[in-house]
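Asks: This structure is in structure tokens; I'll ask about it shortly.
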2 protein chains.
Amino acid sequence: MRFEEALSNYGNLVDSRLEACFRELVWDAEKYHSFIGRVYAHAAEFLLRKGKRIASYSTLLTYKGYKGMVNEEILTVCVAVEFYRHSILVHDDLIDRDEMRRGGKSFHKLFAEFNDRFGEGLAVFTGNILLALALTTLLNAGFDRRTLQEAVKLLIKDYCAVNESQILDLLFEHKEPDVEEWKVMASKRAASLFRATLGIGAILGGAPSSDLRILEQAGTCMGYSFDIQDDIIGTFATEDQYGRPTGGDIMLRKKPLHMVYAYQMLRGRRLSLLKSLLRGGSLDQGDVMRIKEIIRRSGALDKAKQTARSYAREAVRLIRATAMSEEAKASLQGLIKFVVGSLDWYK
Amino acid sequence: MRFEEALSNYGNLVDSRLEACFRELVWDAEKYHSFIGRVYAHAAEFLLRKGKRIASYSTLLTYKGYKGMVNEEILTVCVAVEFYRHSILVHDDLIDRDEMRRGGKSFHKLFAEFNDRFGEGLAVFTGNILLALALTTLLNAGFDRRTLQEAVKLLIKDYCAVNESQILDLLFEHKEPDVEEWKVMASKRAASLFRATLGIGAILGGAPSSDLRILEQAGTCMGYSFDIQDDIIGTFATEDQYGRPTGGDIMLRKKPLHMVYAYQMLRGRRLSLLKSLLRGGSLDQGDVMRIKEIIRRSGALDKAKQTARSYAREAVRLIRATAMSEEAKASLQGLIKFVVGSLDWYK
């Protein structure tokens, strides 16, 4: 079975469970207030849009790699990971002023009936509720207390890290970080997420503790490569490929690795041009195109792609060094290739 | 010892531990990024402003009532409860556009150096970090896994409820809820918080399960009385008593119980006047004064005070029915009287 097919089958599996959770949430909420029922119905629609489910799939594969099978307990954990991921996305879209997510309205834009403050409040509070759902689902997944507590601690540690990286990401809009400073931020973003998702799968699957350390490094490398390619897509894909307008990072003066590299690699007139374009007021589509072209020509885009691929290779090497089943290793390798494979599409 | 004195001593005890936690957080963060260090330093200043610490004090007293003593473990849990409370306050101030909290700037106003979006993002993400700190602190408090897991579940259940109540609170700005609908919202606000804080103290203190059920009701009643008086203070206190401008609820068209009662009790011309005042655009201080006067004259303020006092009496009755030590019962009674006692100040 091709990797994409396996991922899609997995997506259907986890989606049907997510849907069942939301059916119950809406049903219960309707009993005390119809508007809360509506909020959960919107959250269901938001979560059930076709996402790639890569984070929770990495938990499933790691678990399977040690346990030798997939069961209802780990699928419940995967549902928790999806609640968790979307809790972060809802807050992220709000603060980045993204109006679309996976071809639909971002969460804060789903509640525009009264005023912006209403949509903003709904996004903050529903994001929080999704986190509560993630933790409750995880705590009720039917594993023993000791491993469950370790898994919860890992998830909370990542939650803290992810929110720190969001703060740095905002700060970087107003400064020019070098590669080291970018890495501090990125080490707490997808790197931290995959440390948690691989770690949770491994702990619950009963991995030896030496493997936990290897997977921590593997998750970090996977995360770096994921973030770099995700940022490249968000700037260099077409709107059709991306499902929403691209170039938002440039508009907000964000500093993904390809931009950090551009600052590092450019000299003279082109560097001044980039700086002056980014210094000004609001950018139009022409400015965005020019900035993309400067990044491309500087070699920064290619260098960022190379870095993503090199982290991906390192992740594969580390995963091969674990005691996981060969089948799970091959699937995780497929997942990593799937992530960086798309890099060729964006020129 | 008078209750206020005991509360103040407790405040010093928990503050010194909070301060130590933040010292460590700032120290660790400085190692990887000075701005994250600055965020934690601001969070420390925000949490260490003189607050009443009533929620965490109720956890301490309940624990003491069963365990017969106070120890480091429960004080750590109290620190977790304070992290938790402030996580909610940071988001609450942001969405309510409150610019002050306890005589200082609200959290989103502490980071105004770049633009509003920056302060908003800092508040969303730091609020999230405070929740992560609450859960981590609770999980590391040194209790056995079983009781700890119950305590974590209670806190997360409350977190979900509190965020649902925040959503209803926002919705009510745009409608006229009756008492029953108000109660749905309020049952998930302080009522839910005190269910959690008393419940956590009781579970960790080893209370019999019959007492857990009584304390659930007691916490609910405490919460209702707390919320009603808190809303009354926010509208009817002087700015000096309140530590920030009052009347914000009226400006935002919120529907605290005294407002719900006013809609219920007013007839004819006065009801039309209230509705037309609240329907219009932005309200000036004169409008706010007139609305307060209408609420007072309708008898709604007095009725809300009576309701708060009646919930307080019920809370005291329920606490007396538990197997807690007499000393703890007396202290919790003191805490409840302290909350509703202030009602006489606001005319």
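For every residue, the table says whether it meets (1) at pLDDT below 95; (2) among the acidic types (D, E).
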{"position": "B:F3", "(1), (2)": "yes, no"}
{"position": "B:I36", "(1), (2)": "no, no"}
{"position": "B:A43", "(1), (2)": "no, no"}
{"position": "B:K64", "(1), (2)": "no, no"}
{"position": "B:E82", "(1), (2)": "no, yes"}
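Asks: Which one of these does A:K183 not meet: (1) surrounded by fewer than 24 Cβ atoms within 10 Å (Cβ to Cβ); (2) in a loop (DSSP other than H, G, I, E, B)?
Replies: (2)
Asks: Select from the range B:213-255 the residues that are charged (D, E, K, R), without any contact (Cβ under 8 Å) to a residue 24 or more places away in the chain and under 24 Å from A:D116 (Cα atoms) and list them in ascending order.
Replies: Result: B:D249, single match.
Asks: Pick from the range B:39-76 the residues that are out of contact with any Ser or Thr (no Cβ under 7 Å at 6 or more places or on another chain) and assigned to a loop (DSSP other than H, G, I, E, B): which of them is farthest from B:R244 (Cα to Cα)?
Replies: B:M69
Asks: Can you tell me which residue in the range A:248-260 is surrounded by the most Cβ atoms within 10 Å (Cβ to Cβ), limited to those that are touching a helix residue (DSSP H, G or I) at 6+ places or on another chain (Cβ under 6 Å) and part of a loop (DSSP other than H, G, I, E, B)?
Replies: Out of the qualifying residues, it is A:K255.
Asks: Can you tell me which of (1) of a type in the set (G, A, S); (2) more than 30 Å from B:E181 (Cβ to Cβ); (3) surrounded by 23 or more Cβ atoms within 10 Å (Cβ to Cβ) is the one A:A6 doesn't meet?
Replies: Result: A:A6 passes all but (3).
Asks: Another question, if that's okay. Check A:G104, A:G119, A:G68 and return the single one that is among the small types (G, A, S) and at positive phi.
Replies: The unique qualifying residue is A:G68.
Asks: For A:S87, state whether it is among the polar types (S, T, N, Q) and under 19 Å from the mean Cα position of the chain (by Cα).
Replies: yes
Asks: For the range A:268-294, how many residues are part of a loop (DSSP other than H, G, I, E, B) and not hydroxyl-bearing (S, T, Y)?
Replies: 4
Asks: Still on this structure, please answer the following. Would you call B:F172 within 17 Å of B:A55 (Cα to Cα), among the aromatic types (F, W, Y) and at pLDDT 95 or above?
Replies: Taking the combined requirement at face value, the residue does not satisfy it.
Asks: Could you list, ordered by first residue, the pairs with Cβ atoms under 9 Å in which the first is in the range B:128-145 and closer than 10 Å to B:E73 by Cα and within 9 Å of another protein chain (Cβ to nearest Cβ) and the second is part of a helix (DSSP H, G or I) and of a type outside the set (A, V, I, L, M), at least 6 apart or interchain?
Replies: B:N140/A:K153; B:N140/B:T76
Asks: To continue, here is another question. Kindly establish whether B:R189 is of a type outside the set (V, I, T) and surrounded by fewer than 16 Cβ atoms within 10 Å (Cβ to Cβ).
Replies: For B:R189, the condition - of a type outside the set (V, I, T) and surrounded by fewer than 16 Cβ atoms within 10 Å (Cβ to Cβ) - is not met.
Asks: Within the bounds of the range B:232-247, is there any residue that is in a helix (DSSP H, G or I) and among the charged types (D, E, K, R)?
Replies: Yes, the conditions are met somewhere in the range B:232-247.
Asks: Might you let me know whether the range B:43-52 holds any residue that is basic (K, R) and within 14 Å of chain A (Cβ to nearest Cβ)?
Replies: The answer is no, given that none of the residues of the range B:43-52 is basic (K, R) and within 14 Å of chain A (Cβ to nearest Cβ).
Asks: Assess whether A:H86 counts as being touching an Asp or Glu at 6+ places or on another chain (Cβ under 6 Å) and without any contact (Cβ under 8 Å) to a residue 60 or more places away in the chain.
Replies: Taking the combined requirement at face value, the residue does not satisfy it.
Asks: Which condition number in (1) within 12 Å of chain A (Cβ to nearest Cβ); (2) surrounded by fewer than 23 Cβ atoms within 10 Å (Cβ to Cβ) is the one that B:D158 fails?
Replies: (2)
Asks: Here's something else I'd like to know. Against the condition within 13 Å of chain B (Cβ to nearest Cβ), crowded, with 19+ Cβ neighbours inside 10 Å and modelled with pLDDT of 95 or more, how does A:Q149 come out, does it pass?
Replies: So A:Q149 does not fit the description; no.
Asks: So, one more: Would you check which residues across the range B:283-309 are among the small types (G, A, S) and within 25 Å of B:M222 (Cα to Cα) and list them?
Replies: B:G299, B:A300, B:A304, B:A308
Results for (1) at pLDDT 95 or above; (2) surrounded by 21 or more Cβ atoms within 10 Å (Cβ to Cβ); (3) within 30 Å of A:T197 (Cβ to Cβ), shown as yes or no for each residue.
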{"position": "A:A262", "(1), (2), (3)": "yes, yes, no"}
{"position": "A:G268", "(1), (2), (3)": "no, no, no"}
{"position": "A:R296", "(1), (2), (3)": "yes, no, no"}
{"position": "A:D302", "(1), (2), (3)": "yes, no, yes"}
{"position": "A:E314", "(1), (2), (3)": "yes, no, yes"}
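Asks: Identify the residue in the range B:161-180 that is surrounded by fewer than 19 Cβ atoms within 10 Å (Cβ to Cβ) and in a helix (DSSP H, G or I) and, among all such residues, is farthest from the other protein chains (Cβ to nearest Cβ).
Replies: Top of the filtered list is B:V179.
Asks: Right, something else. Mind checking which residues of the range A:321-334 are part of a helix (DSSP H, G or I) and surrounded by 21 or more Cβ atoms within 10 Å (Cβ to Cβ)?
Replies: Across the range A:321-334, the qualifying residues are A:A328, A:S331, A:L332.
Asks: Those residues that are crowded, with 19+ Cβ neighbours inside 10 Å and either of a type in the set (S, T, Y) or more than 21 Å from B:L193 (Cα to Cα) (or both), I need them from the range B:87-97; list them, please.
Replies: The one that is crowded, with 19+ Cβ neighbours inside 10 Å and either of a type in the set (S, T, Y) or more than 21 Å from B:L193 (Cα to Cα) (or both): B:S87.
Asks: Same structure, new question: Any idea which of B:V77, B:V124, B:V81 is within 14 Å of chain A (Cβ to nearest Cβ) and surrounded by 22 or more Cβ atoms within 10 Å (Cβ to Cβ)?
Replies: Exactly one of B:V77, B:V124, B:V81 is within 14 Å of chain A (Cβ to nearest Cβ) and surrounded by 22 or more Cβ atoms within 10 Å (Cβ to Cβ), namely B:V124.
Asks: I'm checking my understanding of the structure. Among residues of the range B:99-118 that are surrounded by 19 or more Cβ atoms within 10 Å (Cβ to Cβ) and touching a residue at least 40 places away in the same chain (Cβ under 8 Å), which one is farthest from the chain's Cα centre (by Cα)?
Replies: Checking each candidate, the answer is B:F111.
Asks: Another question, then. With (1) small (G, A, S); (2) surrounded by 16 or more Cβ atoms within 10 Å (Cβ to Cβ); (3) touching a Gly at 6+ places or on another chain (Cβ under 9 Å) as the list, and B:A55 as the residue in question, which single condition is left unmet?
Replies: Evaluating B:A55 over (1) small (G, A, S); (2) surrounded by 16 or more Cβ atoms within 10 Å (Cβ to Cβ); (3) touching a Gly at 6+ places or on another chain (Cβ under 9 Å) leaves (3) as the failure.
Asks: Here is a further query. Inspect the range A:226-238 for any residue being within 14 Å of another protein chain (Cβ to nearest Cβ), on the phi < 0 side of the Ramachandran plot and surrounded by 16 or more Cβ atoms within 10 Å (Cβ to Cβ) and give the result as yes or no.
Replies: no
Asks: Related question: Can you find even one residue in the range A:295-305 that is in contact with a Cys (Cβ under 8 Å, 6 or more places away or on another chain) and assigned to a helix (DSSP H, G or I)?
Replies: Within the range A:295-305, none of the residues are in contact with a Cys (Cβ under 8 Å, 6 or more places away or on another chain) and assigned to a helix (DSSP H, G or I).
Asks: Let me ask you something else. May I ask you to list the residues in the range A:142-180 that are among the charged types (D, E, K, R) and in contact with a Lys or Arg (Cβ under 9 Å, 6 or more places away or on another chain)?
Replies: A:R145, A:R146, A:K157, A:D158, A:E164, A:D169, A:E173, A:K175, A:E176
Asks: Quick check on my filter: what residues within the range A:91-115 are modelled with pLDDT under 95 and away from chain B (no Cβ under 11 Å)?
Replies: Selection gives A:D98, A:E99, A:M100, A:R101, A:R102, A:G103, A:G104, A:A112.
The values are calculated or read from the model by the stated rules, or taken from the named source; none is laboratory data. Just so you know, these numbers come straight off a predicted model, no measurement behind them. As a convention, Cβ positions derive from the backbone with ideal geometry for all residues, glycine included, and neighbour counts pool all protein chains shown.
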